[in-house]
2 protein chains.
Amino acid sequence: MADFDIHILGCGSALPTTQHLTTSQIINLRDKLYMMDCGEGTQVQMRKMRIKFSRLNHIFTSHLHGDHCFGLPGLISTFGMLGRTATLHIHAPKEIEDYLLPILKLFNQYLPYKVHLNIIDPTQHALVMENRSLEVYSIPLHHRIPTCGFLFKEKQKEDHLVKEMADFYQIPTKLLQGIKQGEDFITPEGEIIPNSRLTRPAVPAKKYAYCSDTAYYPPIIPIIKEVDLLYHEATFAECDAVRAKKTYHTTAKQAAEIARSAQVKKLLIGHFSARYEDDQPLKEEADTIYPDTILAKEGLTLSL
Amino acid sequence: MADFDIHILGCGSALPTTQHLTTSQIINLRDKLYMMDCGEGTQVQMRKMRIKFSRLNHIFTSHLHGDHCFGLPGLISTFGMLGRTATLHIHAPKEIEDYLLPILKLFNQYLPYKVHLNIIDPTQHALVMENRSLEVYSIPLHHRIPTCGFLFKEKQKEDHLVKEMADFYQIPTKLLQGIKQGEDFITPEGEIIPNSRLTRPAVPAKKYAYCSDTAYYPPIIPIIKEVDLLYHEATFAECDAVRAKKTYHTTAKQAAEIARSAQVKKLLIGHFSARYEDDQPLKEEADTIYPDTILAKEGLTLSL
């Protein structure tokens, strides 16, 4: 079972090329999938990467620029043809309605499943979605149109029961759940067995922050503090810093500065401008501020 | 210079796979490009096939199913980012307005060029577009929603002047254009030099018919009579003939029957269902009726 994997489906910017597709990523958390953005061609990329369509129930849209959402109509149609019945939740700024409602009406009148649009306010840092494994929060970003990133906070798993100890103390089954959640055990003789002897701690819960598209914007730092992995857009190299500022994008070095200030554990950069044939110089610029920066690449999977 | 080439960008049906993209083709006629349908991922496929974006001014949309038009928004945006200024003409049934106008408003308010929607009536066989090299006619088809194919009729080029003869008779420059168009030359002495001695006939004008999507529909036969190349959808094999009928699609064998009845010079089949891992049996079924049927394939180029 995938514990917390990030799949990069596309990491180019507005202009797709033979080198990079437009933006899309998928988180696989305990075998449930969560998509961030859905540029044109995402569904084919899912097939190439053998990602299971049926496991995806939530799509998070950062903003309504085409390179982040032009793959949605095709994906929605394909789900229908594959006989999907589970509701698909799309969490997005309100402009999603102007975009998708006419398309759903024209192309998807007889879908066998429901598309639920959860309208979010990209200017607020707020809880967007929650289930047993996960909380997702919006991260207000600074772009040409209303845009937010997303913070994926895994919920802490229960501690593991040490089976030998449970057997030794003959702990009744009905008490096991409480012990996994931290209770001590009191023997029939009144002896207190501390929880720490009965359990092994679960792997610490992980956090992933997805921040694209945005200008250099330090207000996000407290929100993404110490995440296990930060994906930050790095559309431009330092030589194009003026253009980055003008278009509300970030340079690789600025992304690294955000990562360093937020003390994140790993930095992944992407959303590369089509003007660069080689992305390696972007990594090298980021590395001067935040060593071992990872370059996104179509097909890349990172496990937290 | 390409005289009359057909490029296959995508030849799958509704579900794109790793094997086939959704529908799109480009005609290169005397170095001007004409696109038929534009499924998701078409713009990336154009880059892979090194097709020049700036040479494309006309897109013909057969019908408003997603696998034939979900690539339009991305292509329109990309044209804008590449600094296009020439008007882009999209010839399509009226539903194109319900689809594209909201998208143009939401995503493309500041395009540096104009998108002109030429609304066509898919139920009529009529002239859709004409320029110096070409006439394009609609071909009414029989599908679940209003759909038409397109007949591309190259205009006859002028005959070639035989330069040695023009020199020999010292034909004045001002008369040469008339001779290329068929006039005889009368020498100052009154001798009539017949046109056939002064010119070589140009290559005969070519015709290409694009028919997708459609049920088996013999009324198209007189329209596509003797075309140099017929592209006909062949979504299904004969074993799925019931499904073909139900979904208003054609089997490979039926496509071949249309081709044989219309006495076309070559048959190209495509729009293959995702259910077939191998398209070769479709060719074999077609070949029993119309020998040497050509299977469409992404990246294929045919020269008429």
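So which residues in the stretch A:202-235 are charged (D, E, K, R) and crowded, with 24+ Cβ neighbours inside 10 Å? Matches in the stretch A:202-235: A:D213, A:E233. Could you tell me whether the stretch B:23-34 includes any residue that is of a type in the set (D, E) and within 13 Å of chain A (Cβ to nearest Cβ)? Within the stretch B:23-34, none of the residues are of a type in the set (D, E) and within 13 Å of chain A (Cβ to nearest Cβ). Considering only residues in the stretch A:84-99 that are in contact with a Pro (Cβ under 7 Å, 6 or more places away or on another chain) and surrounded by fewer than 19 Cβ atoms within 10 Å (Cβ to Cβ), the one that is nearest to the other protein chains (Cβ to nearest Cβ) turns out to be A:D98.
Is it the case that the stretch A:90-110 has a residue that's of a type outside the set (K, R), more than 20 Å from A:I145 (Cα to Cα) and touching a His at 6+ places or on another chain (Cβ under 7 Å)? Scanning the stretch A:90-110, I find no residue that is of a type outside the set (K, R), more than 20 Å from A:I145 (Cα to Cα) and touching a His at 6+ places or on another chain (Cβ under 7 Å), so the answer is no.
Of the set (1) open to solvent by less than 50 Å² (accessible area, probe 1.4 Å); (2) within 20 Å of the chain's Cα centre (by Cα); (3) of a type in the set (D, E, K, R), all apply to B:K265 but (1). Kindly indicate the residue of the stretch B:149-201 that is open to solvent by 50 Å² or more (accessible area, probe 1.4 Å) and of a type in the set (V, I, T) and also nearest to B:Q124 (Cα to Cα) among those meeting that condition. Result: B:T173. For the stretch B:236-254, filtering for residues that are open to solvent by less than 10 Å² (accessible area, probe 1.4 Å) and either under 20 Å from B:Y208 (Cβ atoms) or touching a residue at least 60 places away in the same chain (Cβ under 8 Å) (or both) leaves 2. Of all residues in the stretch A:116-146, those being within 14 Å of chain B (Cβ to nearest Cβ) and surrounded by 17 or more Cβ atoms within 10 Å (Cβ to Cβ) number 1.
Filter the stretch A:53-67 down to the residues that are touching an Asp or Glu at 6+ places or on another chain (Cβ under 9 Å) and more than 9 Å from chain B (Cβ to nearest Cβ), then identify the one that is nearest to A:L127 (Cα to Cα). Step by step, filter the stretch A:53-67, then rank; the result is A:F60. Scanning the stretch B:1-22 for residues that are assigned to a loop (DSSP other than H, G, I, E, B) and either free of Cβ contacts under 8 Å to residues at least 24 places away in the same chain or more than 9 Å from chain A (Cβ to nearest Cβ) (or both) gives B:M1, B:A2, B:D3, B:C11, B:S13, B:T18, B:Q19, B:H20. Kindly provide the set of residues from the stretch B:60-83 that are touching a His at 6+ places or on another chain (Cβ under 7 Å) and either open to solvent by 10 Å² or more (accessible area, probe 1.4 Å) or among the hydrophobic types (A, V, I, L, M, F, W, C) (or both), ordered by number. Within the stretch B:60-83, just B:F60 meets the criteria. The residues in the stretch B:196-243 that are of a type in the set (S, T, N, Q) and within 30 Å of B:A166 (Cβ to Cβ) can be counted, and the count is 2. What are the residues in the stretch B:6-39 that are open to solvent by 20 Å² or more (accessible area, probe 1.4 Å) and of a type outside the set (S, T, N, Q), if any? Within the stretch B:6-39, B:H7, B:A14, B:L15, B:L21, B:R30, B:D31, B:K32 qualify.
Scanning the stretch B:278-296 for any residue that is surrounded by 17 or more Cβ atoms within 10 Å (Cβ to Cβ) and within 18 Å of B:P122 (Cβ to Cβ) turns up nothing. The condition of being within 22 Å of the chain's Cα centre (by Cα), at pLDDT 95 or above, under 26 Å from B:H143 (Cα atoms) and within 11 Å of another protein chain (Cβ to nearest Cβ) holds for only one of B:F79, B:F70, that being B:F70. Residue check: A:P102 meets all listed conditions (1) surrounded by 20 or more Cβ atoms within 10 Å (Cβ to Cβ); (2) over 21 Å from A:E130 (Cα atoms) but one, namely (1).
Take A:L106 and decide whether it is out of contact with any Cys (no Cβ under 9 Å at 6 or more places or on another chain), free of Cβ contacts under 8 Å to residues at least 24 places away in the same chain and facing chain B (nearest Cβ under 8 Å). So A:L106 fits the description; yes. Mind checking whether some residue in the stretch B:155-165 is under 30 Å from B:E233 (Cβ atoms) and either part of a loop (DSSP other than H, G, I, E, B) or touching a Ser or Thr at 6+ places or on another chain (Cβ under 7 Å) (or both)? Yes.
The values are calculated or read from the model by the stated rules, or taken from the named source; none is laboratory data. Note that the coordinates shown come from a computational prediction; the quantities given were computed from them, not determined experimentally. Every residue, glycine among them, receives a Cβ derived from its backbone with ideal geometry; neighbour counts consider all protein chains shown. These area figures cover heavy atoms from the full protein model, side chains too; ligands, DNA and RNA do not enter into them. Shrake-Rupley method; radii C 1.70, N 1.55, O 1.52, S 1.80 Å.
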